[in-house]
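Right, one structure below, let's go through it.
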Amino acid sequence: MQLTGERIFLRLINVTGAHVLFEQTRNETLRYLIGTTATFSLEQIEQHILSIQADATRHDFAICLTSDEMIGECSILDIDLDSGIAGFRISLRALPWTGQGYGTEAIACIFRFCFEELQLSQLELEVFSHNERAIAA
């Protein structure tokens, strides 16, 4: 499955992207912005990816430039098709990718998928008040 925007595309995440997620979890600024306090090993991230691939209540995507470079990830979580509600989270891999509209473009792809394909009526996102970039997106 692939969702396409103008400058980016979203593809289902796989273990080949584990190293990108691992790097992302080691960046203190990014950890602060998304509220991550736990630390993870590369092996834990690989196992997490394998486990979420089998979870029918979620879709996890790598955010990629058209060159296929992974610049972040986003997830539709706790999908409840009966109620039409799901949760959402998004993060970019490094600060240079922020402020360029990539997150906003990824969110637009997710909206189309959630509301047109999955027929959801509500997508929930919690954001920390100190994460102004996420609020703007």
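A few remarks follow.
- Pairwise label distance in nanometres, E132 with T29, each label 7 Å out on the Cα-Cβ vector: 1.3 nm
- Simple label model, 7 Å out from Cα along Cβ direction - H19 to S41, nm: 1.9 nm
- Furthest towards positive pole of dipole, Q119, H48, G72, structure part the range 2-136, Cβ charges: G72
- Taking only the C-alpha atoms of the range 3-53, Rg followed by Dmax gives 12.5, 34 Å.
- Between T4 and D68, the contour length at 0.36 nm per residue exceeds the alpha carbon distance by 21.8 nm.
- The Q119 and L50 beta-carbon pair, evaluated with R₀ = 22 Å, returns a calculated FRET efficiency of approximately 0.20.
- Separation of alpha-carbon centers, the range 73-134 and the range 1-28, rounded to whole Å: 14 Å
- Interatomic Cα distance distribution for the range 1-105, bins of 5 angstrom, percent: 2, 12, 22, 25, 21, 13, 5, 1
- Under the convention that each Lys and Arg Cβ holds +1 and each Asp and Glu Cβ holds -1, the size of the dipole of the chain around its Cα centre is about 340 debye.
- Protection proxy ranking for 71-81, 45-55, using the average of other Cβ atoms within 10 Å per residue and placing the highest first: 71-81, 45-55.
Read the figures in this text as sums done on the coordinates, not as results from a lab. Keep in mind it's a predicted model, so treat the numbers as computed, not measured. Please note: Cβ atoms are built from the backbone with ideal geometry, for glycine as well, and neighbour counts cover all protein chains shown.
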